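Derivation of every value follows stated rules applied to the coordinates shown; laboratory data play no part. Predicted model, so just to flag it, every value in this text is computed and none were measured. In this analysis, Cβ positions are derived from the backbone assuming ideal geometry, glycine residues included, and neighbour counts consider all displayed protein chains.
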Amino acid sequence: MSHVTHPEKLYDRLRATVRPEEGAIPLFVYSDPEVYRLELERLFGRVWLFVAHESELEEEGAFVVRQMGEQSVIVARGDDGEIRTFLNACRHRGMKLTSEDCGVASMWRCPYHGFTFANYGNFMGTPFERAAYPPNGLDRERLRLIEARCESYAGLIFATWDKDGPSLPDFLGDLRWYLDIFAGRAQMELVGEAQRWIIPSSWKLPSENFASDAYHTATAHAFLARLGLVRGVDFGRDGYHVDAGGGHGLGMGVHDDRPGSWFPQELEPEYAAKLSPDQLALLHRVKNFHGNVFPNLSFLIPNFIPVDGQLVTGMMLRMWQPVGPDRLMAWSWFLVEKNAPAWWKEKGRRMYVQTFSSGGMFDQDDTENWEAQTEVANSALTRPDEVMLDYTMGLDATPLSDFPGPGDVYDGKFSEAAARSYYRTWLDLLLEEGR
Amino acid sequence: MSSIWILPAEAISPQARIAAEDFLVAEAALLDDRRFDEWLQLFTDDLEYIVPTRTIRRRGNGSDVDWSSRHYDDNKASMSLRVRRLTETDVAWAEDPPSFTRRLISNYRYAAGPGETELTVKTNLLLFRSRGISGQHDLIAGERTDVLRLVEGRLKIAKRHVVLDQATLGTKNLGVFL
Ligand code: FES
Ligand SMILES: [Fe+2]
């Protein structure tokens, strides 16, 4: 089944033009409305999507309202202690069960006619039920909330509508080794609610950027070097580029002639207990860390500007929520070690906010690019020719053979291997190849 | 400090109110004119510049202002860096070419303090922002709480908190100061 008007024509065009292995991607895929319909159905409708962090749902009955693609979902810890993800839709007429961002509830009572559902999904009843539905009221089982599969890894909770797809660990694959370093090196917490803002950009552009694009930093974020905060281009070049497979990608900035990231001594025992010696060694070498969990969850350790004279490590989680072919809603959180001293949490938050957030000095410049790219991509919708874009950086490079972590790891961050892998995974899902 | 922001007339002298209002109007003009170096001079060295996020909550489910999650979390040093980025480099792409902005500051409410030489002023902010040739604009609305301090005979801003009126900002970045 497809909601696209002429699916065969679109499939043929995608097959002919999306050629990641040759470093060729057509401009139209950034913002084409029919491509977007397919993405909602075959990508956001099927793959594992980030929905919440475990630290947000510690209390029984705690819930947050999030999006999977364009669908509103409730992620809740039920009274039985289990975390589940439900479509935020009443089984009577489809009204949203809650319009809050978060709360604590043992049940949700629909504001329209009063159908009531427990925080573990069961239909509990409705007003005057026996009078309205004589003689015995409604069938409890049939009216259970629509539930997604829900699993977590390293504190990150993901959900999928695909009942038969891969498990979350299989979906994350080789990325897990790196996610351990980022999110699993200690018990973490998301601090506060997400910052949200609307960017008139295709949701793919920032996702791909975080997965693969360290190269842009020398130009788009040149202010760092101009103000003497980094030594020229090397902050975007030295380190590793990782194609972790499955469309997941990341980059790690490493300058072995300078000290790596700096962490509070108090947390070192926790890191050492949770990471392998290779992971721990890498953690201490990295200056910055950026990546994307396919399709739209980006993560980052920015370590770029001094906060009170110190280069602390602020961490960011960022979801690029599609709200149309050429618009997205950014959801951005500060992630920090739960057992960290207060000063570390405070300085880390300032590092994150001042560099990457709605007002962050880096983020601002990125949004300018993504908006203009999306506008240009809309021109491809009516052009007679196919505008092809260049994705060839590092096409002939050979991955390292002695790197301790998995995936295809390249020496130096100047590569687009992870972007090519992103579009390969994306294309296979859209065309349902391999299903 | 009064929580209702309506004070007996004698609490704040008319002269103080006029001075504060003139100061904030002039400050807005410096921003709209993009005279950022001069604007930065209006802050004390212990500046606290914070913009919290807003969330959607039912009544009775806590505050809809989340001070633990912030759009701006800055002090004098970081605001200086932001200004240097704009004035000393030609690569501050988010604001080059610059947005056209117009800040409307209104609904002044005053309270004495918190310090001896300080005055707290709440105002409404409506910031019009237009970029590029699209003919579109963003409106950013919020409530400022400023602590103005008399330093060597001149007013300076020691604290600015801005509570914005959107749970999801409708502008693509906060590359403009509030
Ligand atoms: S739509 Fe929910 S009770 Fe009718
Ligand atoms: Fe960037």
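Annotations
- Relative packing of peptides A:316-322, A:415-421, A:131-137 - highest average C-beta neighbours within 10 Å first: A:415-421, A:316-322, A:131-137
- Straight-line reach from A:Lys274: taking Cα to Cα under 19 Å and skipping same-chain neighbours fewer than 8 places apart, the lysines in range are A:Lys338.
- Compared with the direct C-alpha span, the chain from A:Glu432 to A:Glu129 gains 104.7 nm at full extension, assuming 0.36 nm per residue.
- Rounded to whole Hz, the Karplus (6.51, -1.76, 1.60) HN-Hα couplings of region A:395-401, x for glycine and proline: 5, 9, 6, 9, x, 5, 9
- A:Glu21 versus A:Asp278: modelled label distance in nm, points set 7 Å from Cα along the beta carbon direction: 2.7 nm
- Helix-only mean residue ellipticity at 222 nm for chain A, each DSSP H run of n ≥ 4 adding -39500 (n - 2.57), per residue, nearest 500: -7500 deg cm²/dmol
- Vicinal HN-Hα couplings computed from phi for region B:133-144 (Karplus, 6.51 cos²θ - 1.76 cosθ + 1.60; Hz; Gly/Pro x): 9, 6, x, 8, 8, 10, 10, 10, 10, x, 10, 8
- Averaged over A:217-225, number of beta-carbon atoms from partner chains that fall within 10 Å: 3
- When each of the peptides A:342-348, A:325-331 is scored by how many other beta carbons lie within 10 Å of its residues on average, the order from highest to lowest is A:325-331, A:342-348.
- Cα centroid separation - region B:112-168 against region A:219-261, whole Å: 36 Å
- When A:Glu433, A:Glu147 are arranged by Cβ crowding within 10 Å, least crowded first, meaning fewest neighbours, the order is A:Glu433, A:Glu147.
- Shielding of peptide B:75-85 by partners, expressed as the average count of other chain Cβ atoms within 10 Å per residue Cβ, is 4.
- Among A:Trp426, A:Trp333, the ranking by other beta carbons within 10 Å of each residue's beta carbon, starting with the fewest, stands as A:Trp333, A:Trp426.
- Scalar couplings 3J(HN,Hα) for region B:148-153, obtained by applying the Karplus form with A = 6.51, B = -1.76, C = 1.60 to θ = phi - 60°, are 9, 10, 7, 10, 6, x Hz; x denotes Gly and Pro.
- For chain A, the cysteines with no partner cysteine C-beta closer than 4.7 Å are A:Cys102, A:Cys150.
- Length gained when the stretch B:Ala141-B:Arg34 is fully extended (0.36 nm per residue, less Cα-Cα span): 36.6 nm
- Of all lysines in the structure, those lying under 23 Å Cα to Cα from B:Lys122, and not within fewer than 8 positions of it along the same chain, are B:Lys76, B:Lys156, B:Lys159.
- If the chain linking A:Leu227 and A:Ser72 were pulled fully straight, counting 0.36 nm for each residue of separation and taking away their Cα-Cα distance, it would gain 51.5 nm.
- What you get for the protein assembly as shown, charging only the Cβ of Lys and Arg (+1) and of Asp and Glu (-1), is a dipole of about 1620 debye around the Cα centre.
- In this structure, A:His113 and B:Asn107 have a Cβ-Cβ separation that, at R0 = 45 Å, corresponds to a calculated FRET efficiency of about 0.65.
- Debye equation applied to the C-alpha atoms of region A:49-161, log10 I(q)/I(0) at 0.11, 0.13, 0.17 Å⁻¹: -0.34, -0.46, -0.76
- Taking chain A and dividing mean pair separation by its residue count, relative contact order in percent (alpha carbons under 8 Å, at least six apart): 21 percent
- Cα centroid of region A:77-127 to Cα centroid of region B:65-80, whole Å: 36 Å
- Over 27 Å between alpha carbons, listed pairs A:Lys345/A:Lys413; A:Lys163/A:Lys204; A:Lys287/A:Lys347: A:Lys345/A:Lys413
- Sorted by Cβ neighbour density within 10 Å, fewest at the top, the residues A:Tyr391, A:Tyr352: A:Tyr391, A:Tyr352
- The simple spin-label model puts a point 7 Å past each Cα toward its Cβ; for B:Asn61 and A:Ala372 those points are separated by 4.1 nm.
- Paramagnetic reach from B:Leu150 in region B:98-130 [backbone N under 11 Å; point 7 Å along Cα→Cβ]: B:116-119
- If you plug the beta carbon distance of B:Asp22 and A:Arg383 into 1/(1 + (r/R0)^6) with R0 = 56 Å, you get a FRET efficiency near 0.55.
- Debye-sum result for region B:8-164 in log10 I(q)/I(0), which assumes one identical scatterer on each alpha carbon, at q = 0.11, 0.18 Å⁻¹: -0.50, -1.26
- Extents of chain A, largest first, come to 78, 60, 37 Å (Cα atoms, principal axes, whole angstrom).
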